[in-house]
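Enquirer: Okay, handing you the structure first.
The values are calculated or read from the model by the stated rules, or taken from the named source; none is laboratory data. Computed from a prediction, not measured in an experiment: that's the story for all the values here. Heads up, the Cβs are rebuilt from the backbone with ideal geometry, glycines too, and the neighbour counts pull from every protein chain shown.
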Amino acid sequence: MDQKNLVKQMIDFQKTSFDNSFNVMKMAQEHTEKMTDTFVEQANWLPEDGRKLITQWIGAYKKGRDDFKKVVDDNFKKVDEYLSTMDKTIK
């Protein structure tokens, strides 16, 4: 088997594995977010500043998660472009 194809298949497998794992983590985080929202709604003793803090925390967590996903996707794209460029150079 051609080594370039083998590397491409390995990278594709890693990307698929990452995407699946990331989606599972995202679903777990969204579930936790829903539970936290329910808790905050029912916690009458929690001051408004505390509610805002929790909302900001969830927003920061989502932004960090989405930024991380974007960086990983961009780097997988760069690897794919590199392999495509290598293929053109070899031919």
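Enquirer: For residues that are β-branched (Val, Ile, Thr) and over 29 Å from Asp73 (Cα atoms), scanning just segment 37-59, find the one that is modelled with the lowest pLDDT.
Expert: The selected residue is Val40.
Enquirer: Residues in segment 63-85 that are over 16 Å from Asp12 (Cα atoms) and either touching a Lys or Arg at 6+ places or on another chain (Cβ under 8 Å) or at pLDDT below 95 (or both): how many?
Expert: Number satisfying all stated conditions: 2.
Enquirer: Kindly indicate which of Phe68, Phe18, Phe39 is over 23 Å from the mean Cα position of the chain (by Cα) and either exposed (fewer than 11 other Cβ atoms within 10 Å of the Cβ) or assigned to a helix (DSSP H, G or I) (or both).
Expert: None of the others qualify; the one that does is Phe39.
Enquirer: Here is a follow-up. Suppose we filter segment 30-67 for residues that are of a type in the set (Gly, Ala, Ser) and farther than 28 Å from Asp19 by Cβ; how many remain?
Expert: Of the residues in segment 30-67, 2 are of a type in the set (Gly, Ala, Ser) and farther than 28 Å from Asp19 by Cβ.
Enquirer: Out of (1) part of a helix (DSSP H, G or I); (2) more than 15 Å from Phe18 (Cβ to Cβ), the odd one out for Lys77 is which?
Expert: Against the list (1) part of a helix (DSSP H, G or I); (2) more than 15 Å from Phe18 (Cβ to Cβ), Lys77 comes up short only on (2).
Enquirer: OK, next. Being more than 13 Å from the chain's Cα centre (by Cα), loosely packed, with under 11 Cβ neighbours inside 10 Å and part of a helix (DSSP H, G or I) is the requirement here; does Asp49 meet it?
Expert: So Asp49 passes the test.
Enquirer: Which residue pairs have Cβ atoms closer than 9 Å, lie 6 or more positions apart in sequence or on different chains, and pair a first residue in segment 34-53 that is in contact (Cβ under 8 Å) with a residue 40 or more places away in the chain with a second residue that is assigned to a helix (DSSP H, G or I) and of a type outside the set (Gly, Ala, Ser)?
Expert: Between residues of segment 34-53 that are in contact (Cβ under 8 Å) with a residue 40 or more places away in the chain and residues that are assigned to a helix (DSSP H, G or I) and of a type outside the set (Gly, Ala, Ser), there is no close pair.
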